[in-house]
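Undergrad: Questions regarding the structure given below will be posed in turn.
The values are calculated or read from the model by the stated rules, or taken from the named source; none is laboratory data. Since the model is a prediction, treat every value here as computed from it, not as a measurement. Note: ideal-geometry Cβ built from the backbone for every residue, glycine included; neighbour counts use all protein chains shown.
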Amino acid sequence: MRADRLIAILMHLQSCGRTSGRVLAKKLEVSERTIHRDMEALSAAGVPVYAERGSTGGWELSEGYRTNLTGMKQGEALSLLLSHNGFIARELGRQQDFDSAILKLLASMPAALQDQVRSAHRKILIDTAGWGETSTRPEALEPVQEALVAERKLSFTYFAKEGSRQRTVMPLGLVLKGKNWYLVARYNRSNRIYRLSRMTNTRILPEAGQIPGTFDLERYWAENTRNLLEGFPRYIAKLKVRRDCLDWLTSLPYIETTELERKKDWVLLEVDLVEADRAVAMLMPFGMAIEVMEPLSLRHQMRKAAERIRNLYE
């Protein structure tokens, strides 16, 4: 509905500031022409919205303008509270601030909606630690986020395969991938990625830096991830997989599968197993649920591995 879209535009500009018509159109899934008409409607309604031209231009509200529009629908309140659930706040050491914000949000809702949200919130738990593991928070996480907020440079010791290195960088963003935190930072005129668990002696420097206005953390991470996956080696095999084990196989990390044939009890797949040595270690736990059809060299490796196991128990 157009009214909902106008409210969404207004709230976005109020919270995010100047935004291009292209970004708004993508966010709201409409054309840029529609966004332009919406801006004309807001202006006609007395909202002080205007366009700034140029490469860094976009739509924005007049300085100091705030709307008192605070109404929130039931679905919006539920999605806001349930999607975050405090996990990120705990990881970032912001649990107290998060709890305070949630209490204020709940206090602004009707009593009936408060009860529904509290009930739903108690029924969802996020535990990122694997079985037999405990969740560990990297020591560098706190200084990294402080440097990001203050736009200050960071100094730290980084441990990689080549040994330890001292680094001084300009933080650009923080990413949580699975259970691991990563810092995206500027070093020697290029963007780099550092795993926080490998960072020690992390210090915030008094020297200020500036994040380039054109830097988009989400886009950079997506492109880097895609390039990383494309750079992986490929090892294609044909596998005859028992149907009850199909989901188990396809859920393995970095596995790409193409279904070639399906029968009552089994499925023939073409699978990228990355490399031969990894393929044997990956497929052996499936036992008789998987048969390697091609390549012949992998069949021989699987047979030898099975013979070694049999000899172990003779």
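Undergrad: Can you find a residue that is in contact (Cβ under 8 Å) with a residue 60 or more places away in the chain and either in the same structural domain as Ser20 (by TED's automatic domain parsing) or surrounded by 14 or more Cβ atoms within 10 Å (Cβ to Cβ) (or both) anywhere in the stretch 207-218?
TA: yes
Undergrad: If you go through the stretch 176-196, how many residues are in contact with an Asp or Glu (Cβ under 9 Å, 6 or more places away or on another chain) and either of a type outside the set (Lys, Arg) or more than 15 Å from Glu139 (Cα to Cα) (or both)?
TA: Selection size over the stretch 176-196: 3.
Undergrad: Now for a different question. Would you tally the residues in the stretch 140-176 being crowded, with 18+ Cβ neighbours inside 10 Å, of a type in the set (S, T, N, Q) and more than 18 Å from Arg90 (Cβ to Cβ)?
TA: Matching residues across the stretch 140-176 total 0.
Undergrad: Do we find that Leu252 is within 29 Å of Thr157 (Cα to Cα) and surrounded by fewer than 15 Cβ atoms within 10 Å (Cβ to Cβ) in this structure?
TA: Spelling it out, it is not the case that Leu252 is within 29 Å of Thr157 (Cα to Cα) and surrounded by fewer than 15 Cβ atoms within 10 Å (Cβ to Cβ).
Undergrad: Restricting attention to the stretch 18-32, which residues are touching a strand residue (DSSP E or B) at 6+ places or on another chain (Cβ under 7 Å) and of a type in the set (Ser, Thr, Tyr)?
TA: Hits for the stretch 18-32 are Thr19, Ser20.
Undergrad: While we're looking at this one, here's another question. Anything in the stretch 10-36 that is farther than 23 Å from Thr214 by Cβ, surrounded by 11 or more Cβ atoms within 10 Å (Cβ to Cβ) and in contact with a helix residue (DSSP H, G or I) (Cβ under 9 Å, 6 or more places away or on another chain)? List them, or say none.
TA: Of everything in the stretch 10-36, those that are farther than 23 Å from Thr214 by Cβ, surrounded by 11 or more Cβ atoms within 10 Å (Cβ to Cβ) and in contact with a helix residue (DSSP H, G or I) (Cβ under 9 Å, 6 or more places away or on another chain) turn out to be Leu10, Val30, Ser31, Thr34, His36.
Undergrad: Still on this structure, I have one more. Quick check on my filter: what residues within the stretch 37-67 are buried (at least 17 other Cβ atoms within 10 Å of the Cβ) and outside any strand (DSSP E or B)?
TA: Scanning the stretch 37-67 gives Asp38, Met39, Leu42, Val47.
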